[in-house]
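Notes follow the structure.
The values are calculated or read from the model by the stated rules, or taken from the named source; none is laboratory data. Computed from a predicted structure; not experimentally measured. Cβ placement follows ideal geometry from the backbone for every residue including glycine, while neighbour counts extend to all protein chains displayed.
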Amino acid sequence: MIRLMKQSHLFTKTRREAPKDEVSKNAQLLIRAGFIHKEMAGIYSFLPLGLRTMNKIVGIIREEMNAIGGQELSLTALQDKHIWEKSGRWSDEVLDVWFKTTLKNGTELGLGTTHEEQLTNLMKDYIRSYRDLPAYAYQFQTKFRNETRAKSGIMRCREFLMKDLYSFSKNEAEHSAFYEKAKQAYVNVYKRVGIGDLTYITFSSGGTFSKYSHEFQTLTEAGEDMIYVHEGKKIAVNKEVLNDEVLKDLGISRADLIEKKAVEVGNIFNLGTKFSDALELVFKDVDGTNKPVIMGSYGIGPGRVMGTIAEICSDDKGLIWPESVAPFAVHLIALSNKKAVEGVEDQVKKVADEIYAKFVKRGVEILYDDRDATAGEKFSDSDLIGIPIRYVVSEKTIANGEVEMKDRKTGKVEMVNISDFK
């Protein structure tokens, strides 16, 4: 990843206003700050700053998936109709978010909404014996969903990046052990990207496979879901399953739960043998009998995570990125005074260039605002973009042998000696 960039070389620009038809806070801020570009409702392009942040989020997720034994691959977006017919999910009446197309030879295809069917079918070539299990495969891949409503910015899109991991196990005990590891890995992800304190493991329906599945819900007024939070145990219950039996299972009282709006930033499901039965994914066990593979599904949308961060890590001036996912660690601003006496402006640039070079030598990710713009424009853009630490070099600061350092989150300002950058 490029660690340095001069703002004068950045082709994107900030905007005072977001598109009039954009109603979500996350997209408004990200568009104005030059992180994304809105193509149409529910469809966004990621610009250089936005892609840097997206890649940071993806990198954190990848590390956590690798840590629990995940093996990364990349499946195709184009989907074989016949595989989905076997599982019963090709019909629009069953799965109503399909984008479908037809090849010139008349073959009907779908654009992947999820990949249980395709990966299960693929694994038939590689899983034959109990010795081949367990296996954990994941990918980061573009998904397509024909959503009826797309008004939540990058938190609900028709085209979006998804991390989907699928587990293949010999038995329930092996599956359950991995399921718990995956649950903790998800907790680690949200903590590392800066939203852990507001994200709750949320009990929801397990469908026909198990009593519960687990969502990861982050508290925000921009959320579309209503959950009931137990702050002491750091868990929550989805409204759809809130009843006396669930309360008893979890050892909690209804009086201890607080109703909150939230956005789902991830989920994990037990799949049982639904897809292995439909697609005939079996393995030969120790006793020589053929048995269906036990499966699980584990999803995170990096874009949805990014949008959620933008919703909750921001203020009236702009974005406030957590250090772990910020596009750059440092924003260096040079304030040249064109009305100053001869030689002063050059000195400001000289000092700023030297500090920039020292950050680069240290391997610090830095955005250097070297533009010919006013102090007000530079400060406004800096606040909007939301890089964690800002250094300002000006005629006033260098006269005292110092540089101003400001923390974007706390607003705390300190003066740093120029000699400290050696």
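Here is how the numbers come out for the structure above:
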quantity: Evaluation of Q141 against (1) in contact with a helix residue (DSSP H, G or I) (Cβ under 8 Å, 6 or more places away or on another chain); (2) over 23 Å from L29 (Cα atoms) (one fails), failing number; calculated: (1)
quantity: Cross-chain or 6+ apart pairs with Cβ under 8 Å, the stretch 284-307 first and more than 30 Å from V265 (Cα to Cα), then assigned to a loop (DSSP other than H, G, I, E, B) and not hydrophobic (A, V, I, L, M, F, W, C); calculated: K284/R128; D285/K170; K291/K170; K291/D285; P292/T273
quantity: Whichever residue in the stretch 221-241 is surrounded by fewer than 22 Cβ atoms within 10 Å (Cβ to Cβ) and among the β-branched types (V, I, T) and, among such residues, is modelled with the lowest pLDDT; calculated: V241
quantity: Residue match in the stretch 134-146 (condition: more than 21 Å from the chain's Cα centre (by Cα) and in contact (Cβ under 8 Å) with a residue 24 or more places away in the chain); calculated: yes
quantity: Filter result (touching a Pro at 6+ places or on another chain (Cβ under 8 Å) and in a loop (DSSP other than H, G, I, E, B)) within the stretch 9-33; calculated: L10, F11, T12
quantity: Hits in the stretch 42-87 - residues which are at pLDDT 95 or above and assigned to a loop (DSSP other than H, G, I, E, B); calculated: L47, I68, G69, G70, L73, S74, L75, T76, A77
quantity: The one condition in (1) in a loop (DSSP other than H, G, I, E, B); (2) surrounded by 18 or more Cβ atoms within 10 Å (Cβ to Cβ); (3) in contact with a strand residue (DSSP E or B) (Cβ under 9 Å, 6 or more places away or on another chain) that G194 fails to fulfil; calculated: (3)
quantity: Qualifying residue in the stretch 200-215 (condition: among the charged types (D, E, K, R) and in a helix (DSSP H, G or I)); calculated: no
quantity: Flag for T142 being in a strand (DSSP E or B) and over 30 Å from T289 (Cα atoms); calculated: yes
quantity: Boolean, G70 is more than 17 Å from K151 (Cα to Cα), surrounded by fewer than 13 Cβ atoms within 10 Å (Cβ to Cβ) and touching a residue at least 60 places away in the same chain (Cβ under 8 Å); calculated: no
quantity: All positions within the stretch 111-139 that are crowded, with 17+ Cβ neighbours inside 10 Å, in contact with a Lys or Arg (Cβ under 7 Å, 6 or more places away or on another chain) and of a type in the set (F, W, Y); calculated: Y138
quantity: Qualifying residue in the stretch 44-61 (condition: hydroxyl-bearing (S, T, Y) and without any contact (Cβ under 8 Å) to a residue 24 or more places away in the chain); calculated: yes
quantity: Those residues of the stretch 365-387 which are under 24 Å from K56 (Cα atoms) and either surrounded by fewer than 19 Cβ atoms within 10 Å (Cβ to Cβ) or in contact with a helix residue (DSSP H, G or I) (Cβ under 9 Å, 6 or more places away or on another chain) (or both), in sequence order; calculated: E365, I366, L367, Y368, D369, D381, L384, I385, G386
quantity: Of the criteria (1) touching a Lys or Arg at 6+ places or on another chain (Cβ under 7 Å); (2) part of a loop (DSSP other than H, G, I, E, B), which one F328 fails; calculated: (1)
quantity: Residue match in the stretch 303-320 (condition: of a type in the set (G, A, S), assigned to a loop (DSSP other than H, G, I, E, B), out of contact with any Pro (no Cβ under 9 Å at 6 or more places or on another chain) and buried (at least 23 other Cβ atoms within 10 Å of the Cβ)); calculated: no
quantity: Any hit, the stretch 89-101, residues being among the small types (G, A, S) and touching a helix residue (DSSP H, G or I) at 6+ places or on another chain (Cβ under 8 Å); calculated: no
quantity: Residues of the stretch 37-64 satisfying the condition of being more than 14 Å from the chain's Cα centre (by Cα), hydrophobic (A, V, I, L, M, F, W, C) and buried (at least 18 other Cβ atoms within 10 Å of the Cβ); calculated: L47, L49
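Each row is one residue, and each column tells you yes or no for (1) modelled with pLDDT of 95 or more; (2) part of a strand (DSSP E or B); (3) under 23 Å from L219 (Cβ atoms).
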{"residue": "C157", "(1), (2), (3)": "no, no, yes"}
{"residue": "S167", "(1), (2), (3)": "yes, yes, no"}
{"residue": "E180", "(1), (2), (3)": "yes, no, no"}
{"residue": "K183", "(1), (2), (3)": "yes, no, yes"}
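Residues checked against (1) charged (D, E, K, R); (2) out of contact with any His (no Cβ under 9 Å at 6 or more places or on another chain); (3) under 26 Å from G50 (Cβ atoms):
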position: E323; (1), (2), (3): yes, yes, yes
position: V330; (1), (2), (3): no, yes, yes
position: S336; (1), (2), (3): no, yes, no
position: K349; (1), (2), (3): yes, yes, no
position: V364; (1), (2), (3): no, yes, yes
position: T374; (1), (2), (3): no, yes, yes
position: E395; (1), (2), (3): yes, yes, no
position: E402; (1), (2), (3): yes, yes, no
position: D407; (1), (2), (3): yes, yes, yes
